[in-house]
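The values are calculated or read from the model by the stated rules, or taken from the named source; none is laboratory data. All values derive from a computational prediction rather than experimental measurement. We place every Cβ from the backbone using ideal geometry, glycine too, and count neighbours over all the protein chains shown. Calculation scope for accessible area: heavy atoms of the full protein, side chains included, ligands and nucleic acids excluded. Shrake-Rupley method; radii C 1.70, N 1.55, O 1.52, S 1.80 Å.
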2 protein chains.
Amino acid sequence: MGEVKVIGSSKSLFCTRVEWALKLKGVAYEYLEEDLLNKSPLLLKYNPVHKKVPVLVHDDKPIAESLAILEYIDETWKNNPLLPQDPYERAMARFWAKFADEKCLMRAFEAFWKEGREKEKAIESALESFAFLEKQIQGRRFFSGDDKIGYLDLAMGWIPHWLNVMEEVGGMKLIDAEKFPILHEWTQNFFEIPLIKECLPPRDALVNYFHFSMSYMRSMGANKQ
Amino acid sequence: MGEVKVIGSSKSLFCTRVEWALKLKGVAYEYLEEDLLNKSPLLLKYNPVHKKVPVLVHDDKPIAESLAILEYIDETWKNNPLLPQDPYERAMARFWAKFADEKCLMRAFEAFWKEGREKEKAIESALESFAFLEKQIQGRRFFSGDDKIGYLDLAMGWIPHWLNVMEEVGGMKLIDAEKFPILHEWTQNFFEIPLIKECLPPRDALVNYFHFSMSYMRSMGANKQ
């Protein structure tokens, strides 16, 4: 099926999504670690628009945007389908993946780095969004059903590991067994899958990364005012 | 194939996308105009998450987010495919549709309502994004190929009509034959298709709408500072 490469960054939850999908499909790939502070000519060649990771390169043809990459992987390697087969279920999966990126992840990230009243507002807003996810997963072991993980679980896969580190470094708690029992149980179930664990960056490296990220965002935010 | 309804607003480019897609497929539907200043119980029931139009309701099952709706329509009614068949081409269509929404439309909208130095910055940024589209459509009559329009043309379909009104009301010019000859030619080709023209809101209604929208955004922006 041709040569497969992933241009990624080991701290990026968007890159890990892609690696999870390839491993679920049993697709062998070469992983190229990108230095985001000194971007390679290869990244600039393959993603001239956003200059961001991940980029999946299949037979020398590049694809960017992690959710578009997941769909490509699912359409190219048909075994172990990631998306459901039913058009309505597929639409729901796409809707919730977009919602989680735009409303849960972005607000959780704001809640992580912001301060004072702005932080409180972001936390409140993130909690409102997570409440929709809690309702969505009700009655199911995984977002994609009872027996196995799929596209939507991979899209939400930042919650158990990355969010947990954001919570620690940002001094806040968004997801716990009391506020969101079902979502919390999902994080446990998801985290237990060996293939999922395999691709996670070490927790201490992620803690360092988010400390750096917080300083960076705060200095950018300060410059804007 | 069951009852099809569109909950929409006649000024919304996102709703027109959905109507175009249904008409291209020859799917009969009931159109329900929503008053966005006084949202109906039906909209709140069918899109409790975002409370926004469009919502496609098929056999009493609701789908929100215009690009997810286009994919649903394409997967449910297989005639006149909107997306290409090849997985790589499909990934490219999804990539560029997301890019156009996030980078072209959002920046053009900022360029429309902002003032002073901020407006200049937004114009500059929008022009940079449109330059990528100009390159993308090179050598083709439509985004989806030479002979017919598809998903990506519908996703870009706000450019000929809505952007033109934003330019007039906002006192700026982003797309013209000199700066972007290929994109400009596409707007002409796209606009000439009778089915496309049929669904467009009257220009004067759109001019009024954008005057209102500008006052609203400026008062919101002023309140934020």
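Each Lys and Arg Cβ is given +1 and each Asp and Glu Cβ -1; about its Cα centre, the protein assembly as shown then shows a dipole of about 740 debye. Note on B:TYR88 and B:GLU192: with the Förster distance fixed at 25 Å, the Cβ-Cβ geometry gives a FRET efficiency of about 0.25. The charge dipole of the range A:87-224, taken about the Cα centre with unit charges on the Cβ atoms of Lys, Arg (+1) and Asp, Glu (-1), comes to about 400 debye, rounded to the nearest 20. Restricting the calculation to Cα atoms, every distinct pair contributes to the Kirkwood radius of the range A:106-225, found to be 15.3 Å. Mean partner shielding of peptide A:72-78, defined as the number of other chain Cβ atoms within 10 Å of each residue Cβ, is 3. Sorted shortest first, the distances from the B:LYS51 label point to those of the same residue in the other copies are 4.0 nm; each point sits 7 Å from Cα along Cα-to-Cβ. Sequence-distant contacts, meaning Cα pairs under 8 Å at least 6 residues apart, place the relative contact order of the range B:87-224 at 25 percent. Here is the list for the range A:159-225: GluC sites (Glu not before Pro) lying in DSSP coil, each with at most 14 other C-beta atoms within 10 angstrom of its C-beta, are A:GLU178, A:GLU192.
Placing a pseudo-label 7 Å from each Cα along the Cα-to-Cβ vector at B:LEU37 and A:LYS51 gives an inter-label distance of 4.4 nm.
For the protein assembly as shown, the convex hull drawn through the C-alpha positions has a volume of 163 cubic angstrom per residue.
Within 10 Å of the Cβ of each residue in B:87-99, the mean number of Cβ atoms contributed by other protein chains is 6.
For chain B, evaluate the Debye formula with one uniform point scatterer on each Cα (no solvent term) and list log10 I(q)/I(0) at q = 0.07, 0.09, 0.11, 0.15 Å⁻¹, rounded to two decimals. So the normalised log intensities work out to -0.22, -0.37, -0.57, -1.07. Distances from B:ASN38 to itself in the other copies, using label points 7 Å out along the Cα-Cβ axis, amount to 6.4 nm in increasing order.
Accessible area per residue for the range A:37-169 is 42 Å², calculated with a 1.4 Å probe on protein heavy atoms, without ligands, DNA or RNA. Here is the interface size for A with B: some 2400 Å² of accessible area buried, both sides summed, with a 1.4 Å probe. When only alpha carbons are used to place a centre, the range A:45-99 and the range B:167-225 end up 31 Å from one another. Checked against a 18 Å cut-off, the cross-linked pairs A:LYS51/B:LYS98; B:LYS25/B:LYS98; A:LYS148/A:LYS179; B:LYS5/B:LYS51 give Cα-Cα distances beyond that limit for B:LYS25/B:LYS98; A:LYS148/A:LYS179.
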